[in-house]
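First comes the structure, then the notes that go with it.
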Amino acid sequence: MRKILLILLLLCAWSTTSSAQDVRALFMDAPDAVLPLLPRNVRADCIDFADAGMDYPVSNLLGGKSTLKVLGKDYLLLQSTAVSTVEMKVLPMGESSVVCVVNTVSAESTDSRIAFYDTDWKRLDTTRFFASPSIREFFADADKSVLDLCDIYLVSLKLNAADSTLVAEYTMPDYMNDDDAAKVRALLNKIVYRWNGARFVKE
């Protein structure tokens, strides 16, 4: 009986350990659809440089440079090109985890796309975990004349390395003339979301 209990305890411990994957293992195993610019051997170089405390760029498949800027236990930030980044965050969900990936492009303005995966890199339904804010939600108080200036949906999303929060910021004013941008920015608010174990909820 004691042997059976010991085996069961060891199996439970193994299951818990295997479900809480380190972000570096997920980074290495990510499919090309998630990290199309970095082959597996180049990703290994990125990790080696980050572990050595070196902010060192590697060559990507576009002939440009990519740099792993931040590598923690559950978060990483990859500067994939001069104008784009990839963030990964491992989020706890019950006895398993969800991988949140944010791709951001910064040209004249900044725009982000968010996606969620299980730890085997199966794509999950984004709406289960995050509801994209409407433009109106970025304004605590704005009259129609200001809202009418905001006719393009451009939103920056940033994951926090230190906790399970996500910050959304409306970035269309970067495209506006100075006068219109000043009117809009004076009334804009950032939106902070916090992971509650099942989805990101607005604070």
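The values are calculated or read from the model by the stated rules, or taken from the named source; none is laboratory data. Because the structure is predicted, anything quoted here is derived from the model rather than measured. With ideal geometry, Cβ positions are generated from the backbone for all residues, glycine too; neighbour counts draw on all protein chains shown. Heavy atoms of the whole protein, side chains included, go into the accessibility calculation; ligands, DNA and RNA do not. Shrake-Rupley method; radii C 1.70, N 1.55, O 1.52, S 1.80 Å.
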Residue in the stretch 90-101 that is over 16 Å from ALA115 (Cβ atoms) and touching a strand residue (DSSP E or B) at 6+ places or on another chain (Cβ under 7 Å) present: no
GLU87 vs. criteria of a type in the set (D, E, K, R), within 24 Å of ASN196 (Cβ to Cβ) and touching a Phe, Trp or Tyr at 6+ places or on another chain (Cβ under 8 Å): yes
Qualifying positions in the stretch 125-153 - touching an Asp or Glu at 6+ places or on another chain (Cβ under 7 Å) and closer than 17 Å to VAL201 by Cβ: none
Close pairs from the stretch 29-44: first closer than 16 Å to THR67 by Cβ, partner hydroxyl-bearing (Ser, Thr, Tyr), Cβ under 7 Å, at least 6 apart: LEU37/SER66; LEU37/SER80; LEU38/SER66
Total residues in the stretch 1-43, condition at pLDDT 50 or above, open to solvent by less than 90 Å² (accessible area, probe 1.4 Å) and not aliphatic (A, V, I, L, M): 9
Per-region count, the stretch 39-51, residues touching a strand residue (DSSP E or B) at 6+ places or on another chain (Cβ under 6 Å) and under 14 Å from LEU77 (Cα atoms): 2
The stretch 147-180: number of residues that are in contact with a Lys or Arg (Cβ under 6 Å, 6 or more places away or on another chain) and assigned to a helix (DSSP H, G or I): 1
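So for the stretch 159-178 (the condition being polar (S, T, N, Q), surrounded by 11 or more Cβ atoms within 10 Å (Cβ to Cβ), in contact with a helix residue (DSSP H, G or I) (Cβ under 7 Å, 6 or more places away or on another chain) and under 30 Å from MET28 (Cα atoms)), does at least one residue qualify?
Within the stretch 159-178, none of the residues are polar (S, T, N, Q), surrounded by 11 or more Cβ atoms within 10 Å (Cβ to Cβ), in contact with a helix residue (DSSP H, G or I) (Cβ under 7 Å, 6 or more places away or on another chain) and under 30 Å from MET28 (Cα atoms).
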Count - residues of the stretch 93-108 that are open to solvent by 30 Å² or more (accessible area, probe 1.4 Å) and not small (Gly, Ala, Ser): 5
Test: residue in the stretch 109-130 that is within 20 Å of ILE191 (Cα to Cα), open to solvent by less than 80 Å² (accessible area, probe 1.4 Å), among the hydrophobic types (A, V, I, L, M, F, W, C) and not in a strand (DSSP E or B): yes
